[in-house]
1. Considering only the other residues whose Cβ falls under 15 Å of the Cβ of A29, what net charge follows from Lys and Arg at +1 and Asp and Glu at -1?
2. For the pair R68 and S39, how long in nm is the line joining their label points, each one 7 Å along Cα→Cβ?
Amino acid sequence: MGPLANQRHERFAQALAQGKTATEAYALAGYRANDGNASRLKMQAIVFAFTTTSFILGPDGEQALKVRLEKRSNGRRQPS
């Protein structure tokens, strides 16, 4: 799966995938330490999808899901 549009989200997701805690990943991504915000970011669908889809979907499915989730995160819901 290619990199996420938001570089901090990308670094955060990569750190989570490497086994870092949400708090550690949040700081490594360049954010000021905040346990609550780290937890919320971890649960955002686009970050969750990035860290888990490689185990569930093939490459084509990952890309389709990424595009759909990015559109939703920008407030533009597209019909399936």
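1. +3
2. In this crude spin-label approximation the distance works out to 2.9 nm.
Where a number appears in this text, it was derived from the coordinates with a stated rule and is not lab data. Just so it is clear, the structure is predicted and the values come from calculations on it, not from any experiment. When we count neighbours, we look across all protein chains shown, and the Cβ atoms used for this are built from the backbone with ideal geometry, even at glycine.
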